[in-house]
1. It is to be established whether one or more residues within segment 102-112 are touching a residue at least 40 places away in the same chain (Cβ under 8 Å), open to solvent by 50 Å² or more (accessible area, probe 1.4 Å) and in a helix (DSSP H, G or I).
2. Kindly list the number of the only condition in (1) within 13 Å of ligand 1 (Cβ to nearest atom); (2) more than 20 Å from the chain's Cα centre (by Cα) that fails for ILE47.
3. Which one of these does SER137 not meet: (1) open to solvent by 60 Å² or more (accessible area, probe 1.4 Å); (2) outside any helix (DSSP H, G or I)?
4. Right, THR31: within 16 Å of ligand 1 (Cβ to nearest atom), within 22 Å of LEU149 (Cβ to Cβ), in a helix (DSSP H, G or I) and open to solvent by less than 40 Å² (accessible area, probe 1.4 Å) or not?
5. Within segment 3-15, does at least one residue satisfy the condition of being away from ligand 1 (no atom under 12 Å from the Cβ), among the aromatic types (Phe, Trp, Tyr), over 15 Å from the mean Cα position of the chain (by Cα) and open to solvent by less than 80 Å² (accessible area, probe 1.4 Å)?
6. I'd like the residue in segment 69-97 that is open to solvent by 50 Å² or more (accessible area, probe 1.4 Å) and touching a residue at least 40 places away in the same chain (Cβ under 8 Å) and, out of all such residues, is farthest from the chain's Cα centre (by Cα).
7. Search segment 9-37 for residues that are free of Cβ contacts under 8 Å to residues at least 60 places away in the same chain and pair each with any residue that is not in a helix (DSSP H, G or I) when their beta-carbon atoms are under 8 Å apart and the residues are at least 6 apart or on different chains.
8. For the list (1) more than 12 Å from ligand 2 (Cβ to nearest atom); (2) loosely packed, with under 14 Cβ neighbours inside 10 Å; (3) under 27 Å from GLY52 (Cα atoms), I need the number of the one condition that ARG181 fails.
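The values are calculated or read from the model by the stated rules, or taken from the named source; none is laboratory data. This is a predicted model, so every value here is computed, not measured. Note that each Cβ is placed from the backbone with ideal geometry, even for glycine, and that neighbours are counted across all protein chains shown. To get the accessible areas, we keep the full protein, side chains included, count just its heavy atoms, and leave off ligands, DNA and RNA. Shrake-Rupley method; radii C 1.70, N 1.55, O 1.52, S 1.80 Å.
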Amino acid sequence: MAEPRNRYSIVSLVFHWGLAVLILTQILLITAHDATEGPLSREFVQIHKAVGLTILVLTLARIGWRMANPAIPLPAAMPRWEKIAARTTHVLFYVLLIALPMSGWAASSAGGRAIEWFGLFQWPLLPVERSRDLARSLMGLHGAGVKLLYVLVALHVLAALKHQFINRDNVLHRMIPLIPRRP
Ligand code: HEM
Ligand code: HEM
(Lines give C-alpha, C1' and ligand atoms only; values in the text may rest on other atoms or scores of the structure.)
(Ligands and ions follow the chains in the order given, each with its own letter.)
Protein backbone atom coordinates (compact mmCIF):
# COMPACT_ATOMS: atom_id res chain seq x y z
CA MET A 1 0.00 0.00 0.00
CA ALA A 2 1.30 3.48 -0.82
CA GLU A 3 2.51 5.44 2.19
CA PRO A 4 -0.03 8.16 3.08
CA ARG A 5 1.04 11.71 2.17
CA ASN A 6 2.37 13.37 5.31
CA ARG A 7 3.16 16.86 4.08
CA TYR A 8 1.23 19.64 2.38
CA SER A 9 2.03 20.32 -1.29
CA ILE A 10 3.94 23.45 -2.24
CA VAL A 11 0.69 25.00 -3.57
CA SER A 12 -1.03 24.42 -0.20
CA LEU A 13 1.96 25.89 1.63
CA VAL A 14 1.97 29.00 -0.58
CA PHE A 15 -1.79 29.44 -0.08
CA HIS A 16 -1.50 28.98 3.71
CA TRP A 17 1.43 31.31 4.34
CA GLY A 18 0.53 33.79 1.60
CA LEU A 19 -2.96 34.25 3.04
CA ALA A 20 -1.64 34.41 6.63
CA VAL A 21 0.68 37.28 5.56
CA LEU A 22 -2.16 39.07 3.73
CA ILE A 23 -4.39 38.80 6.83
CA LEU A 24 -1.63 40.28 8.99
CA THR A 25 -1.25 43.05 6.38
CA GLN A 26 -4.98 43.81 6.73
CA ILE A 27 -4.62 44.35 10.46
CA LEU A 28 -1.49 46.50 9.99
CA LEU A 29 -3.29 48.61 7.37
CA ILE A 30 -6.19 49.30 9.73
CA THR A 31 -3.70 50.12 12.51
CA ALA A 32 -1.98 52.59 10.14
CA HIS A 33 -5.40 54.01 9.19
CA ASP A 34 -6.27 54.53 12.87
CA ALA A 35 -2.89 56.17 13.55
CA THR A 36 -3.12 58.71 10.71
CA GLU A 37 -5.54 61.36 9.43
CA GLY A 38 -6.66 62.91 6.14
CA PRO A 39 -5.91 61.56 2.64
CA LEU A 40 -3.14 59.23 3.83
CA SER A 41 -5.51 57.62 6.32
CA ARG A 42 -8.15 57.15 3.60
CA GLU A 43 -5.51 55.65 1.31
CA PHE A 44 -4.81 52.95 3.91
CA VAL A 45 -8.51 52.00 3.85
CA GLN A 46 -8.46 51.88 0.02
CA ILE A 47 -5.49 49.50 0.13
CA HIS A 48 -7.25 47.50 2.90
CA LYS A 49 -10.24 47.06 0.57
CA ALA A 50 -8.08 46.00 -2.39
CA VAL A 51 -6.08 43.51 -0.30
CA GLY A 52 -9.31 42.20 1.28
CA LEU A 53 -10.90 41.53 -2.11
CA THR A 54 -7.69 39.81 -3.22
CA ILE A 55 -7.99 37.59 -0.11
CA LEU A 56 -11.56 36.74 -1.21
CA VAL A 57 -10.45 35.65 -4.69
CA LEU A 58 -7.46 33.71 -3.36
CA THR A 59 -9.64 31.97 -0.74
CA LEU A 60 -12.09 30.83 -3.43
CA ALA A 61 -9.14 29.51 -5.46
CA ARG A 62 -7.74 27.85 -2.33
CA ILE A 63 -11.06 26.11 -1.60
CA GLY A 64 -11.15 24.87 -5.22
CA TRP A 65 -7.62 23.54 -4.81
CA ARG A 66 -8.47 21.96 -1.47
CA MET A 67 -11.51 20.17 -2.92
CA ALA A 68 -9.34 18.70 -5.67
CA ASN A 69 -6.58 17.77 -3.16
CA PRO A 70 -8.14 16.23 -0.04
CA ALA A 71 -6.61 16.86 3.39
CA ILE A 72 -3.76 14.70 4.53
CA PRO A 73 -4.76 12.58 7.54
CA LEU A 74 -4.10 13.97 11.01
CA PRO A 75 -1.85 11.83 13.25
CA ALA A 76 -3.57 8.56 14.18
CA ALA A 77 -2.73 9.16 17.86
CA MET A 78 -4.77 12.37 17.98
CA PRO A 79 -7.96 12.01 20.06
CA ARG A 80 -11.19 12.20 18.07
CA TRP A 81 -12.33 15.47 19.69
CA GLU A 82 -9.04 17.14 18.75
CA LYS A 83 -9.40 16.06 15.14
CA ILE A 84 -12.94 17.45 15.09
CA ALA A 85 -11.76 20.72 16.73
CA ALA A 86 -8.93 21.08 14.19
CA ARG A 87 -11.15 20.47 11.16
CA THR A 88 -13.89 22.75 12.55
CA THR A 89 -11.36 25.57 13.02
CA HIS A 90 -10.12 25.10 9.45
CA VAL A 91 -13.65 25.16 8.01
CA LEU A 92 -14.46 28.29 10.06
CA PHE A 93 -11.33 29.95 8.66
CA TYR A 94 -12.58 29.33 5.13
CA VAL A 95 -16.05 30.62 6.03
CA LEU A 96 -14.57 33.77 7.64
CA LEU A 97 -12.18 34.45 4.80
CA ILE A 98 -15.26 34.70 2.57
CA ALA A 99 -17.61 36.39 5.07
CA LEU A 100 -15.14 39.11 6.15
CA PRO A 101 -14.37 40.46 2.67
CA MET A 102 -18.02 40.02 1.60
CA SER A 103 -19.28 42.09 4.57
CA GLY A 104 -16.69 44.81 3.86
CA TRP A 105 -17.56 44.77 0.15
CA ALA A 106 -21.31 44.88 0.89
CA ALA A 107 -20.81 47.72 3.41
CA SER A 108 -18.88 49.80 0.87
CA SER A 109 -21.63 49.05 -1.67
CA ALA A 110 -24.43 50.08 0.72
CA GLY A 111 -22.46 53.24 1.52
CA GLY A 112 -22.07 53.94 -2.22
CA ARG A 113 -18.29 54.17 -1.83
CA ALA A 114 -16.32 53.31 -4.95
CA ILE A 115 -13.63 50.65 -4.60
CA GLU A 116 -10.44 50.94 -6.63
CA TRP A 117 -8.33 47.81 -6.95
CA PHE A 118 -4.82 49.20 -6.33
CA GLY A 119 -5.67 52.16 -8.59
CA LEU A 120 -5.84 49.79 -11.57
CA PHE A 121 -9.59 49.42 -12.07
CA GLN A 122 -12.91 50.07 -10.37
CA TRP A 123 -14.10 46.99 -8.48
CA PRO A 124 -17.86 46.62 -9.10
CA LEU A 125 -20.17 47.38 -6.16
CA LEU A 126 -22.72 44.78 -5.04
CA PRO A 127 -26.36 45.45 -5.96
CA VAL A 128 -27.49 46.18 -2.39
CA GLU A 129 -29.77 48.91 -1.13
CA ARG A 130 -28.03 52.29 -0.67
CA SER A 131 -28.47 52.87 3.05
CA ARG A 132 -26.27 54.23 5.81
CA ASP A 133 -27.98 51.97 8.37
CA LEU A 134 -27.33 48.89 6.26
CA ALA A 135 -23.70 49.96 5.75
CA ARG A 136 -23.34 50.41 9.51
CA SER A 137 -24.86 46.98 10.31
CA LEU A 138 -22.61 45.32 7.73
CA MET A 139 -19.57 47.02 9.27
CA GLY A 140 -20.79 45.68 12.65
CA LEU A 141 -20.71 42.17 11.14
CA HIS A 142 -17.23 42.90 9.75
CA GLY A 143 -16.02 43.86 13.23
CA ALA A 144 -17.62 40.78 14.82
CA GLY A 145 -16.03 38.56 12.16
CA VAL A 146 -12.65 40.11 12.96
CA LYS A 147 -13.06 39.21 16.67
CA LEU A 148 -13.91 35.61 15.78
CA LEU A 149 -10.87 35.55 13.49
CA TYR A 150 -8.62 36.63 16.37
CA VAL A 151 -10.01 33.86 18.61
CA LEU A 152 -9.53 31.23 15.89
CA VAL A 153 -5.98 32.36 15.10
CA ALA A 154 -5.10 32.21 18.81
CA LEU A 155 -6.55 28.68 19.15
CA HIS A 156 -4.89 27.59 15.90
CA VAL A 157 -1.43 28.86 16.90
CA LEU A 158 -1.72 27.43 20.43
CA ALA A 159 -2.72 24.07 18.92
CA ALA A 160 0.28 24.20 16.55
CA LEU A 161 2.59 24.91 19.52
CA LYS A 162 1.00 22.08 21.54
CA HIS A 163 1.70 19.66 18.67
CA GLN A 164 5.27 20.83 18.42
CA PHE A 165 6.26 21.00 22.09
CA ILE A 166 3.85 18.75 23.99
CA ASN A 167 2.75 16.02 21.57
CA ARG A 168 6.10 16.29 19.77
CA ASP A 169 4.62 15.08 16.48
CA ASN A 170 5.11 16.24 12.86
CA VAL A 171 2.04 18.47 12.44
CA LEU A 172 4.01 21.74 12.39
CA HIS A 173 6.64 20.20 10.10
CA ARG A 174 3.84 19.53 7.57
CA MET A 175 3.12 23.25 7.33
CA ILE A 176 6.72 24.46 7.95
CA PRO A 177 8.92 21.91 6.18
CA LEU A 178 12.02 23.82 7.40
CA ILE A 179 11.33 22.35 10.83
CA PRO A 180 13.08 18.96 10.87
CA ARG A 181 10.87 15.90 10.63
CA ARG A 182 10.75 13.75 13.74
CA PRO A 183 11.27 10.00 13.31
C1 HEM B 1 -10.01 38.97 5.05
C2 HEM B 1 -10.16 40.23 4.74
C3 HEM B 1 -10.30 41.34 5.74
C4 HEM B 1 -9.82 41.44 7.03
C5 HEM B 1 -9.00 40.43 7.82
C6 HEM B 1 -10.26 42.72 7.53
C7 HEM B 1 -9.97 43.22 8.80
C8 HEM B 1 -10.42 44.41 9.30
C9 HEM B 1 -10.14 44.92 10.62
C10 HEM B 1 -9.27 44.21 11.66
C11 HEM B 1 -10.79 46.10 10.75
C12 HEM B 1 -10.86 46.97 12.01
C13 HEM B 1 -12.15 46.62 12.71
C14 HEM B 1 -12.43 47.39 13.96
O15 HEM B 1 -11.71 48.33 14.27
O16 HEM B 1 -13.45 47.02 14.61
C17 HEM B 1 -11.46 46.39 9.51
C18 HEM B 1 -12.18 47.53 9.22
C19 HEM B 1 -12.67 47.87 7.99
N20 HEM B 1 -12.66 47.06 6.86
FE21 HEM B 1 -11.83 45.23 6.71
N22 HEM B 1 -10.98 43.38 6.55
C23 HEM B 1 -11.02 42.57 5.44
C24 HEM B 1 -11.63 42.84 4.22
C25 HEM B 1 -12.25 44.05 3.91
C26 HEM B 1 -12.84 44.38 2.62
C27 HEM B 1 -12.84 43.46 1.40
C28 HEM B 1 -13.35 45.63 2.73
C29 HEM B 1 -14.10 46.46 1.70
C30 HEM B 1 -14.15 46.22 0.42
C31 HEM B 1 -13.10 46.11 4.08
C32 HEM B 1 -13.47 47.33 4.56
C33 HEM B 1 -13.25 47.78 5.83
C34 HEM B 1 -13.65 49.10 6.30
C35 HEM B 1 -14.33 50.20 5.48
C36 HEM B 1 -13.26 49.16 7.65
C37 HEM B 1 -13.44 50.35 8.61
C38 HEM B 1 -12.26 51.27 8.49
C39 HEM B 1 -12.52 52.50 9.37
O40 HEM B 1 -12.26 52.42 10.58
O41 HEM B 1 -12.94 53.50 8.80
N42 HEM B 1 -12.43 45.11 4.77
N43 HEM B 1 -11.22 45.34 8.64
C1 HEM C 1 -4.16 34.17 9.88
C2 HEM C 1 -3.39 33.16 10.06
C3 HEM C 1 -3.74 31.73 9.67
C4 HEM C 1 -4.81 31.19 9.01
C5 HEM C 1 -6.02 31.91 8.44
C6 HEM C 1 -4.60 29.75 8.92
C7 HEM C 1 -5.47 28.84 8.32
C8 HEM C 1 -5.26 27.49 8.20
C9 HEM C 1 -6.14 26.57 7.54
C10 HEM C 1 -7.45 26.94 6.85
C11 HEM C 1 -5.57 25.33 7.61
C12 HEM C 1 -6.15 24.04 7.07
C13 HEM C 1 -5.55 23.68 5.76
C14 HEM C 1 -6.37 22.58 5.13
O15 HEM C 1 -7.39 22.90 4.53
O16 HEM C 1 -6.01 21.42 5.26
C17 HEM C 1 -4.35 25.46 8.36
C18 HEM C 1 -3.48 24.43 8.67
C19 HEM C 1 -2.37 24.58 9.46
N20 HEM C 1 -1.88 25.75 10.01
FE21 HEM C 1 -2.64 27.59 9.77
N22 HEM C 1 -3.41 29.45 9.55
C23 HEM C 1 -2.86 30.63 10.01
C24 HEM C 1 -1.66 30.79 10.71
C25 HEM C 1 -0.88 29.74 11.15
C26 HEM C 1 0.30 29.87 12.00
C27 HEM C 1 0.86 31.21 12.51
C28 HEM C 1 0.76 28.61 12.21
C29 HEM C 1 1.96 28.15 13.01
C30 HEM C 1 2.30 28.61 14.18
C31 HEM C 1 -0.11 27.69 11.50
C32 HEM C 1 0.04 26.32 11.47
C33 HEM C 1 -0.76 25.44 10.77
C34 HEM C 1 -0.51 24.01 10.69
C35 HEM C 1 0.62 23.26 11.38
C36 HEM C 1 -1.52 23.47 9.88
C37 HEM C 1 -1.66 22.01 9.45
C38 HEM C 1 -2.62 21.24 10.27
C39 HEM C 1 -2.71 19.86 9.63
O40 HEM C 1 -1.66 19.24 9.47
O41 HEM C 1 -3.80 19.46 9.29
N42 HEM C 1 -1.11 28.40 10.88
N43 HEM C 1 -4.18 26.79 8.71
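1. Yes, segment 102-112 has at least one match.
2. Evaluating ILE47 over (1) within 13 Å of ligand 1 (Cβ to nearest atom); (2) more than 20 Å from the chain's Cα centre (by Cα) leaves (2) as the failure.
3. Looking at each condition in turn, SER137 falls short on (2).
4. So THR31 fails the test.
5. Scanning segment 3-15, I find at least one residue that is away from ligand 1 (no atom under 12 Å from the Cβ), among the aromatic types (Phe, Trp, Tyr), over 15 Å from the mean Cα position of the chain (by Cα) and open to solvent by less than 80 Å² (accessible area, probe 1.4 Å), so the answer is yes.
6. ALA77
7. Final answer for the pair search is VAL11/ASN69; SER12/ASN69.
8. (3)
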